[in-house]
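Structure record follows, encoded as structure tokens.
Every number in this text was worked out from the coordinates using simple rules, so none of it is lab data. What you see is a predicted model, and the numbers here were worked out from it, not measured in a lab. Note: ideal-geometry Cβ built from the backbone for every residue, glycine included; neighbour counts use all protein chains shown.
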Amino acid sequence: MNNKSYRVLITGAGASGLICACRLILGGISDIIILEKNKKPASKLIMTGNGRCNLSNTSVTSDDYNTDSPDILKQLFDLYPGEKIMSFINNDLGVMTASNGDLIYPSTYQSSTVARALLRIIEDAGVEILYETPAVSILRDEDSYIINDTFRADNVVVCTGGCSYPVTGSDGNGFRLLLPFFDKTDFVPVRPSLVPLKTKEDDIRILSGQRVKCQASLAGDDHVETGEMLFTDYGVSGIMIMQLSGRIRGLYEGTGKAPVINVDILPAYSEDEICGMIEDRYSRFPFRKRYECLEGIFSPAMSMVLISRYTDDPVKLAGGIKNFSLTVTGDQGFEHAQITSGGIKLGSAYKAWDKGLFAIGEAVNVDGPCGGYNLHWAWLSGIAAADRIRES
Ligand SMILES: Cc1cc2nc3c(=O)[nH]c(=O)nc-3n(C[C@H](O)[C@H](O)[C@H](O)COP(=O)(O)OP(=O)(O)OC[C@H]3O[C@@H](n4cnc5c(N)ncnc54)[C@H](O)[C@@H]3O)c2cc1C
């Protein structure tokens, strides 16, 4: 057993763990040690937003997230509104931010700016990060927590991430650390989310590599996404599809129904207008094949897919173009998922904060859409945990 006892031990040098450490340090607590499984810190943070780090969203609210405990999440958002989080990032961490529509980035548009700002505060305070040192066990005696049979700490922050992009170090192993303190029912089974989707229909395979600007929604859902959809050899991808993937669990889990995506391939035109356009083209180009009449609006491959699905009848074709359906058969797994849905329930994790055990970040059953929401939760939960420790 290492003789040294710490006020706080943090497991994981990712977004939530690093900001938690910074908040503690800037609040006067540097009796901290950080254990990191990887050789280096912030591997996932560096990848975010294609290296640009979409670190928050100007319109973020607790309603944007899936969670088991919306009331607790709202309470946390009321305590830490978006401006408070952004003020800490701008003024305390010294990261100047810039907005691109709703999306907030560091003004350098480089994720390394954010990682460096966090790490500098930790280094300046002389707080040690032990690399290639995974936390493998947390136990409790009457005085404190004992980690890896080696370290003692009054407070432990479990911020080992979820299971997505396991190459970054977040591979779900961290949930094991929480098992001695919780019941099985305190965990929501993990699933990949914000992930490309596999689809059943074989006719779209010839479209692999093509993109369409469209609108899409899941059957049974009022929410409509607008954007670009990429056809792939397994199904569909692109931000719009990732956003829809984040809604599938809430809508379909336990129903036994396969999710269906309804795509409007020409959102700028009504069904009647499209029908009129097709009839007009048929009459203007009577010697062309029917699918050739659609060229100029769609790629040749898409024109063929549409006619083989819906026939060349203008009414049926227009209906199909406004409601091109794809049946979801699965997803591309944690290797390709931006986030994890599920984890330790927020309600259960939050109760344990009273005992000095802080599960935060993606390890907790709180997940949001693409657009800065997931990093925002990492920041918010890290800051809130640090403040609770400072008050204790
Ligand atoms: C490709 C990609 C792009 C993304 N882009 C965005 C974006 O632009 N905006 C946005 O809001 N969100 C984005 N996200 C999601 C966001 O990155 C995560 O939600 C966020 O990083 C989660 O922070 P975290 O601290 O909970 O976990 P992580 O950042 O995953 O950090 C967990 C850390 O714990 C370490 N660890 C794991 N197990 C142990 C252990 N037993 N002991 C010690 N250390 C351990 C890991 O090595 C890792 O360093 C993106 C995700 C991906 C994969």
Estimated vicinal HN-Hα couplings, Hz - the range 77-89 in sequence order (Karplus 6.51, -1.76, 1.60; Gly, Pro = x): 5, 5, 5, 10, x, x, 4, 5, 5, 5, 5, 5, 5
Which cross-chain or sequence-distant (5 or more) residues have an amide H under 5 Å from the amide H of G343, H modelled 1.01 Å from N in plane? V188, V190
What is the set of long-range amide H partners of Q210 at a cut-off below 5 Å, with H atoms built 1.01 Å from backbone N? F231
Would you please give the residues with an amide H less than 5 Å from that of A337, counting only those at least 5 places away or on a separate chain, with H modeled from the backbone geometry? Y165
Test item: Cα-centred dipole of the range 262-392, Lys/Arg +1 and Asp/Glu -1 on Cβ, debye: 240 debye
For K198, the lysines lying under 17 Å Cα to Cα, once residues fewer than eight places off in the same chain are dropped, come out as K257
Order of 29-36, 296-303 by packing, highest average Cβ count within 10 Å first? 29-36, 296-303
Picking from M304, M240, M229, which is most flexible by a Gaussian network model of the chain using Cα springs under 10 Å? M304
Which of N100, G371, S30, positive extreme of dipole for the chain (C-beta unit charges): S30
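Only bridges whose two residues both fall in the chain count here: according to DSSP, what percent of them are antiparallel, nearest 5?
Around 70 percent of the beta bridges assigned by DSSP in the chain are antiparallel ones.
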Residue-wise HN-Hα coupling along the range 372-385, computed from phi with Karplus coefficients 6.51, -1.76, 1.60 (Hz; x: Gly, Pro): x, 5, 6, 5, 4, 5, 4, 5, 4, 5, x, 5, 5, 5
Output wanted: per-residue J couplings in Hz (rounded whole) for the range 147-157, from phi through Karplus 6.51 cos²θ - 1.76 cosθ + 1.60, θ = phi - 60°, x for Gly and Pro. 10, 6, 6, 10, 10, 10, 8, 6, 10, 10, 10
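Scale the Cα Rg of the range 197-331 by the rule-of-thumb value 2.2 N^0.38 Å and send over the ratio, two decimals.
1.07
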Sorted by mean Cβ packing within 10 Å, highest first, what order do the peptides 358-364, 114-120 take? 358-364, 114-120
If the convex hull of the alpha-carbon atoms of the chain is projected onto planes in all directions, what is the mean projected area in square nanometres? 20.5 nm²
Which of the lysines could a cross-linker span from K351 if the Cα-Cα distance has to be under 22 Å and same-chain partners fewer than 8 positions apart are dropped? K74, K184
Provide Rg and Dmax in Å for the range 46-185, with only Cα atoms included in the calculation. 17.7, 51
To the nearest 20 Debye, how big is the dipole of the chain about its Cα centre, given +1 on the beta carbon of each Lys and Arg and -1 on that of each Asp and Glu? 640 debye
About the Cα centre, and with charges only on the beta carbon of Lys, Arg (+1) and Asp, Glu (-1), how big is the dipole of the range 197-331? Nearest 20 debye, please. 280 debye
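Highest first, please rank the peptides 60-67, 90-97 by the mean number of other Cβ atoms sitting within 10 Å of their residues.
60-67, 90-97
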